Amino acid sequence: MAQSVETTAPRKARSPIMRALFFVLGLISLALLAFSWLPGIPTFDLVLLAAFFFSMSSDRMYGWMVNHPYFGKIIRGYRDHGLTMRMKWIAAVAITSSLLVSGVFLTDLLWVRLLLAAAGVYAIWFVFSRPTRDPATT
């Protein structure tokens, strides 16, 4: 029997238009999970992104995500315990490599390269500012 956990979203957008937009973005994130078996498509990120979008739009879908046997474990693990150092370093390498490839091969514009570098610095700071958990913690 499945154990029910917190199903009420912590906050919701006030505007019906924004709730609809967040709901559609949540559905898109869920749809992209079908491709997460491919290299470079992160399951963890898409699950957290979908949960965020549903927390802003739909208590029912947010509750479904949190109570899902697979997705719920990912969401609760992140929410309750944070990231392991290994996860943080993998994220940092993935962020750096993807932005480096984009900056070198996909654009010749200096301002775009600077924007990518700034986004990368912020993303890495964000990852390492999250709580660090012990790898043995579930």
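The values are calculated or read from the model by the stated rules, or taken from the named source; none is laboratory data. Remember, it's a predicted structure, so these values are computed and weren't measured experimentally. All Cβ positions, glycine included, derive from the backbone under ideal geometry; neighbour counts span all protein chains shown.
Report yes if Leu49 is at pLDDT 95 or above and in a helix (DSSP H, G or I), otherwise no. Full working, then the answer.
Values: at pLDDT 95 or above: no; in a helix (DSSP H, G or I): yes.
No: the conditions fail for Leu49.
So which residues in region 53-97 are of a type in the set (Gly, Ala, Ser) and free of Cβ contacts under 8 Å to residues at least 40 places away in the same chain?
Quick first cut of region 53-97, residues of a type in the set (Gly, Ala, Ser) only: 55, 57-58, 63, 72, 77, 82, 91-92, 94, 97.
Of everything in region 53-97, those that are of a type in the set (Gly, Ala, Ser) and free of Cβ contacts under 8 Å to residues at least 40 places away in the same chain turn out to be Ala91, Ala92, Ser97.
Scanning region 74-118 for residues that are charged (D, E, K, R) and either in contact with a His (Cβ under 8 Å, 6 or more places away or on another chain) or surrounded by fewer than 13 Cβ atoms within 10 Å (Cβ to Cβ) (or both) gives Asp80, Arg86, Asp108.
Are any residues in region 119-132 part of a helix (DSSP H, G or I) and either surrounded by 11 or more Cβ atoms within 10 Å (Cβ to Cβ) or among the hydroxyl-bearing types (Ser, Thr, Tyr) (or both), and if so, which ones?
Of region 119-132, the ones part of a helix (DSSP H, G or I) are 119-129.
Those that are part of a helix (DSSP H, G or I) and either surrounded by 11 or more Cβ atoms within 10 Å (Cβ to Cβ) or among the hydroxyl-bearing types (Ser, Thr, Tyr) (or both): Ala119, Gly120, Val121, Tyr122, Ala123, Ile124, Phe126, Val127, Phe128, Ser129.
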